[in-house]
Structure formats: C-alpha cells, structure tokens
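Notes to accompany the following structure.
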Amino acid sequence: MICEKCAGEIETVVCKNCGGTVIRLGPYCYACGEEFEEEQEETNDFFDRILCSDGACIGIINEQGVCKVCGKPYTTES
C-alpha cells in the first residue's frame, strides 16, 4: 500500500483472525483486536538484550561486544 501523503510504502498484514488486510499500526489488528504473531517474537529479543555497562549510557551491546551508542566495550560488573 502507498501512503497518500509521502508516497512511501506502508506495511500491511493479513490478520489470521478476521482475514482483513490492515496497515500494521502496532502489535494488534485494529479491525478485530487479534495480536499479530510476529510481534511476540520481536518482543522476546527485547528482553534478551545486554545493556551498556556504563551506568550513564542508554545503549545496548552489539554483536561485536561494544555499545551501539557510546562505543565502549562491554565489561561485566564486579
């Protein structure tokens, strides 16, 4: 689906509960309220993240073992 304002592509999904093709506005179908299955898998990743060991930084540790925000290597707290 194409956005009328910006002409960008809008993500749509077919709801398994009601069968409607809806714009993905969040984790639930706005037509019937059913939760989308894909969103559950992504929220699990949220809980598996490793926070930056610098107490003043809000970043998370990437695959290389450094913070995505400040670039500091991850160190375990003693």
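Just so you know, all these numbers are worked out from the coordinates, no wet-lab data involved. Just so it is clear, the structure is predicted and the values come from calculations on it, not from any experiment. Don't worry about glycine lacking a Cβ; one is built from the backbone with ideal geometry, like all the others, and counts go over all protein chains shown.
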*Work out, step by step, the length gained on full extension between Cys3 and Ala56: first 0.36 nm times the residue separation, then minus their alpha carbon distance; give nm to one decimal.*
15.2 nm
*For the Cα atoms of the chain, what angle does the longest principal axis make with the long axis of helix 37-48, in degrees from 0 to 90, nearest 10?*
10
*For the chain, what is the mean residue ellipticity at 222 nm derived from helices alone (per DSSP H run of n ≥ 4: -39500 (n - 2.57); sum divided by total residues; nearest 500 deg cm²/dmol)?*
-5000 deg cm²/dmol
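Report the FRET efficiency, 1/(1 + (r/R0)^6), for Glu11 and Thr76, where r is their Cβ-Cβ distance and R0 is 30 Å, rounded to 0.05.
Details: r = 38 Å, r/R0 = 1.28.
Computed FRET efficiency for Glu11 and Thr76 comes out at 0.20.
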